[in-house]
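Heads up, the thing below is written out as structure tokens.
Each value in this text was obtained by applying a stated rule to the coordinates, not by laboratory testing. Since the structure is predicted, the reported quantities are computational estimates derived from the model, not experimental observations. Here the Cβ is made from the backbone with ideal geometry for all residues, glycine too, and neighbour counts use every protein chain on show.
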Amino acid sequence: MSDKVNTVINRIKATGLFDLDSGLSYCGDEEGYVEILEQSPYTFESSLGNLCKFFDIGLSASDESNVTEYRVVAHSIKSTARLLGYTDLFEIGLTSEMAAREMDIDKAIANHQVLVDKTNETIAMIRGFFEDVEEEKVADISSGDELTEILEAIRAAAEDFDIDGMDDGVKRLKADNLPDAVVERRKDLISAVANIDTDEVIDIIDSILENI
């Protein structure tokens, strides 16, 4: 186990808030768990943006399609929390999901801010696990051709729904010598990969390739 993984796992254990056994059962091992955990803030932020968008449209029994969209996002937050073994957020997400499923609009509205606040708290807590943790050195990308090759490989992985291939490619984009066009969209790309939104991954890659 690397120093980074060991440090993060120990910080998680110290909180007493995570069911690590459950998280490891989904993620395979501690290294895989920490990789997913590190990407999860991007997933949560993306989900929160959508959750608030559908809430702002207005949760109403007369607009069932919007309530359904809201339910799907609440389900996503709940599922990511379950993947990480974070029961507190899982239960709050489940409350919102079931309220929307049952068209209990008052309950969904009442739980909305609770879910938003808990998700933001979770994002901050998870990022705290990685503060001052020494990153493993990523080799600089030696040429524009190598960068293009990496980007095209991520795009091909997205087209094939190859989740591991997308993850591996994104890790290689943590190098320090990337052009601005890549750095500016890297966060969006990580979020899209974390959400397994292959269409968005392809769109972002195409945009980057046009600007490098």
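A few points about this structure:
- Averaged over residues, the count of other Cβ atoms within 10 Å places the peptides 142-152, 102-112 in the sequence 102-112, 142-152, highest first.
- Projected area, mean over directions - region 134-212, Cα convex hull, nm²: 4.8
- Per-residue ellipticity at 222 nm, computed for the chain from helices alone with -39500 (n - 2.57) per DSSP H run of at least four residues, works out to -26000 deg cm²/dmol.
- Comparing Cα centroids, region 148-175 and region 43-98 end up 28 angstrom apart.
- When each of the peptides 28-37, 74-83 is scored by the mean number of other C-beta atoms lying within 10 Å of its residues, the order from highest to lowest reads 74-83, 28-37.
- Mean Kyte hydropathy of -1.0 or more with a Cα span along the axis of at least 24 Å, helices from DSSP in the chain: 30-57, 64-84, 105-129
- Per residue, the convex hull around the alpha carbon atoms of the chain comes to 129 Å³.
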